[in-house]
DNA sequence: GAGCTCACG
DNA sequence: ACGTACGTGAGCTCC
Ligand SMILES: [Mg+2]
């Protein structure tokens, strides 16, 4: 037996306790069964998701009151083995403590049924990576560079001098001192020049419109077009899917972050010849979860009607027929629907709708009269968070709060919604991965309410059925759940996939 | 490394 | 009693 085989044999016979590296073990095929692994980082994450960092040194101090030994520089063989075995002993000691704590707080289920199996799914997503059209990035880079040079020249001319356009400090000097524009909002260190401020300054000076365009283009160029190709290896980027980072239960993604790619840049993520990309996204999942958690009759019924939820909301709130709901009314309802998910108050709504706080209050009151169950749910959630010190999702994931005041009130309202949506798509991912285990196709990206898969053309019909079914039935909400499926040769240009009368899929 | 800004859901 | 909409990651400037 070589070392690899020895290690594999031990792991699958005795089990292994690891941290943060369960994905690596799966990648190396070192683990043949999930229950051969206990990942202390994932356990610690479920126990304290707001911690952000579940390093062994933190866990060791917290649960064992023991420092985590650091490796000396240029260690001797003895020092090395001493340190490593000390570290291993810490892992070993953490295992029973974390396991018992998971059970005590009823987090064992979500650990064993969702998070642990998910870590192997994420491992496979990392291994597969995403194919990148480097030519697209090259050409787009050239085009944006030219476009930016045009903005720069005109901006310098209007400013009467050259300056560093990427420096908010210098820009603020130009706008508010040199050109004398009104100061709208301040930051900790000076005067804000953010997009919201610039939009208000547009009528004052023609430089502002150019600045907005420059900012938008420069963002795309610097963050995406220039940075992404640096991370391509053998034609693919392999993001790291972070499973123990967010306070709510969502995933995050780094190097590169594939969860904030703008539509224009999505074109650069492509399928190989004879493959397509398939994207399936939940429709209004967070609001459906609000309907489910609150049990509000009217909100549930609104979804059962399968009409546009914002239009329906506007009609109910304003007491008018849906045919009379115009753009403005729908926009207002959409704002409140979103606002609810974020725990927004009258002040926030008034600012976003450009109306008075009094009017915003009227709308919110009318909204809660329409959906009284939602109002009750919000109040109960905040009360529970205060009394128990945590909020809970549909699968029992918890987020802890020390005292629920200020911004924490809103976070406490949002956490069960955002977290339940995360629970749901995670379950879907585990089930889809299982259903695709004997296929060539596989998942490559998750963006909170969207899954992207790389699919061979011959598997398209079957895979799209699996994805849609597993996403919609991942967790039973008692409210209809709908996913829309799109297909294309790249992530940017996709067409809706519809079922025709023969049950066959076709591209429109 | 902090602060600002901004991309996504 | 609210610094007044939640959750992320990353590039850039400046100290
Ligand atoms: Mg969606």
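Neighbour counts of other Cβ atoms within 10 Å put A:441, A:65, A:172 in the fewest-to-most order A:65, A:172, A:441.
One decimal place: the segment residue A:186-residue A:205 gains 4.9 nm when fully extended, by the rule 0.36 nm per residue minus the C-alpha distance. First check a/c for chain A, with a ≥ b ≥ c the square roots of the eigenvalues of its C-alpha gyration tensor; if it is under 1.5, answer rounded, and if not, answer prolate when a/b is larger than b/c or oblate otherwise. Rounded, since a/c falls under 1.5. Helix A:357-370 axis versus longest C-alpha principal axis of chain A: approximately 60°, rounded to the nearest ten.
Summarising the label geometry, the points placed 7 Å from Cα in the beta-carbon direction at residue A:469 and residue A:179 lie 5.9 nm from one another. Compute the FRET efficiency between residue A:24 and residue A:439 as 1/(1 + (r/R0)^6), taking r as their Cβ-Cβ distance and R0 = 22 Å, and round to the nearest 0.05. E between residue A:24 and residue A:439, to the nearest 0.05, is 0.35.
A Förster radius of 41 Å, combined with the Cβ-Cβ distance separating residue A:152 from residue A:493, puts the computed FRET efficiency at roughly 0.85.
For A:176, A:26, what's the fewest-to-most ordering of other Cβ within 10 Å of each Cβ?
A:176, A:26
Here the simple spin-label model places points 7 Å from the Cα toward Cβ, and for residue A:254 and residue A:230 these points are separated by 1.5 nm.
Which length gain, in nm to one decimal place, applies between residue A:92 and residue A:388 when the Cα-Cα distance is subtracted from 0.36 nm times their residue separation? Extra length from residue A:92 to residue A:388 when fully extended: 103.5 nm.
Exposure proxy shown here: for A:369, A:288, the number of other Cβ atoms within 10 Å sets the order, fewest to most, as A:369, A:288.
In chain A, the longest principal axis of the Cα atoms and the axis of helix A:327-342 are about 30 degrees apart.
Using the beta-carbon distance between residue A:307 and residue A:359 and R0 = 22 Å, what value does 1/(1 + (r/R0)^6) give for FRET efficiency, to the nearest 0.05? Step by step, r from the Cβ atoms, then E = 0.25. Fully extending the segment from residue A:9 to residue A:84 would add 24.9 nm, taking 0.36 nm per residue of separation and subtracting the current Cα-Cα distance. Once C-alpha pairs closer than 8 Å and six or more residues apart are averaged by separation and normalised to the residue number of the stretch A:3-105, the relative contact order reads 26 percent.
Considering helices alone, the calculated mean residue ellipticity of chain A at 222 nm is -15500 deg cm²/dmol, with DSSP H runs of length four and up weighted by -39500 (n - 2.57) and normalised per residue.
Every number in this text was worked out from the coordinates using simple rules, so none of it is lab data. Here the structure is a predicted model, which is why all the values come from computation and not from measurement. Because the Cβ atoms are built from the backbone with ideal geometry, glycine has one as well, and the counts that use them run over all protein chains shown.
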